[in-house]
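Since every read-out is calculated from the coordinates, none of them should be taken as a lab result. These numbers were taken from a predicted model, which means no experiment stands behind them. No Cβ is skipped: glycine too gets one built from the backbone with ideal geometry, and neighbour counts run over all protein chains shown.
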Amino acid sequence: MKTLLDPDRALTEGLAAIRTQYNVPTDFPPQVLAAADEAAKRAPTAHVDRTAIPFVTLDPASSTDLDQAFAIEPAGSDLLLRYAIADVAWFVDEGGALDAEAWKRGESLYLPDGKAPLYPPVLGEGAASLLPTGDRPAVIFAVRVAPDGAARLDGVERAVIRSRAKLAYETVTPADLPPDFAELANRIGAAEDRRGAARVDPPEQELARNGDGRLQLRFAPREESEDQNAAMSLATNLAVADALLAHHTGLFRVMPGPDDRAVARLRNAARALGIDWPAAMSLADFQRGLDGHDARQAAMMVAIRRAGEGASYAPYQPDVVPWHAAVAATYAHATAPLRRLADRYVVQAALAVANGLPVPDFVSAAFGRLPPVMAHSGSIAGSIDRAVIDMAEAVMLHGLEGQTFEAVILDRDERGARIQLCDRPVVARVQTDAGEPGDTIPVRLDEADPVRRALRFSRAG
């Protein structure tokens, strides 16, 4: 979760505690800021002129760190996606102050009241960002998408581009977009369905006041344009992964699927939320039918997203096919270099192999060093996300201490029963020997402390 809206600043004290607990950076060291100021002055000299191509960007309205711009055109029966990615490597000297700081951070960290970016704003929200305020250096991935949705890398080049418009999910209309934008997304989505990919993208969560003035945690549905935009990034990352794997190099995103116990827990969660999941239906088929506009189904989508063991990074290994279970394919991260350190190196490797050049030694060496670095930063980001949700749940339930709620037992372990409240998207624990996974039990809320992010329930009755 990258955003949890908090218009009433109900989370201010708790967010400050989270920032302190996880040592979220508040600024950059002076030498890093100075290096960024100098780098921002660099003019692109290794780039072809592609300013005639009508690129546009599509992001949340408030975004200023724009990694991607795109243009789409027919190419016979194929669609040619030109996906321009911020050329971060052009600004960051390997081994320099900017590079060293990026290796410390790993990725941008997002909280409801702001972010700790990977690079200083003069680059990440200025010279390197693909804003429509002037020419920008980029790496353009040419991706051919066949009628069946198969994506193939057709070329990679460094280029100067000029974005025509900064489009926003909230306000974009079909007339603002390339004519084949929706068709491209449909093709990629159909290919996902054939592969059995998960395609679970939960909506963001926000705190808002209900009719009686109480805070509640609710889901803000994703816009259709957001899902369509994500399809372009997915197609590019799949095409890049295939190209790198074919050249025996690369850094891949890998993830195992949920095990039997996790699937059983998810079935109990569906029961708690009142969602029908036929016994004969697979998880893949079930999750593709969920609707993020429905609050209960959105909560189910979040539960599914959290059910697996988590994704990780793996460098190329001979005779090993890297696999991402949710994508149901070999997959790489190449499309967000302003926000993820690993992407900068994957982009450089793709640029080399697509042009018949050897992958630079420092890039190959980085592939071996990056997994623990990205695992560490990803763990911090995940812990922050969970802490924010825990705090928001405590805010939502604060003042209801002593009340009784219906809950379904998801599973059990040495710490007791894990429960899902039936009328709220809240998962918690309760110490009780009664009931089995799937049973509905009454629980009493004993404590809801937003600052300590603590929820405590006991068995009622």
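Neighbours of VAL143 by Cβ distance under 9 Å: Lys/Arg scored +1, Asp/Glu scored -1, total +2.
Among TRP277, TRP103, a tally of other beta-carbon atoms within 10 Å of each Cβ gives an order, fewest to most, of TRP103, TRP277. Taken about its Cα centre, the range 294-371 carries a charge dipole of roughly 320 debye when the Cβ of each Lys and Arg holds +1 and the Cβ of each Asp and Glu holds -1. Based on the reciprocal of the average 1/r between different C-alpha atoms, the Kirkwood radius for the chain equals 23.5 Å. Would any residue of the range 284-299 have its amide N under 19 Å from a label point 7 Å out along Cα→Cβ of ASP212? List them or say none. Residues passing the 19 Å test: none. For the range 404-459, a simple Cβ point-charge model (Lys and Arg +1, Asp and Glu -1, everything else neutral) yields a dipole of about 260 debye relative to the Cα centre.
So for the chain, taking the charge dipole from beta-carbon charges (+1 Lys/Arg, -1 Asp/Glu), which of THR45, ILE441, SER62 sits furthest toward the positive end? Highest projection toward the positive end goes to ILE441. Considering only beta bridges that DSSP places wholly inside the chain, some 90 percent are antiparallel. For the chain, the Cβ-based charge dipole about the Cα centre amounts to some 400 debye (Lys, Arg positive; Asp, Glu negative; other atoms uncharged). So for the chain, taking the charge dipole from beta-carbon charges (+1 Lys/Arg, -1 Asp/Glu), which of PRO121, GLY402, VAL302 sits furthest toward the positive end? Comparing the listed Cα positions along the dipole, GLY402 ranks first. The residues MET391, MET281, when put in order of fewest to most other Cβ atoms within 10 Å, stand as MET281, MET391.
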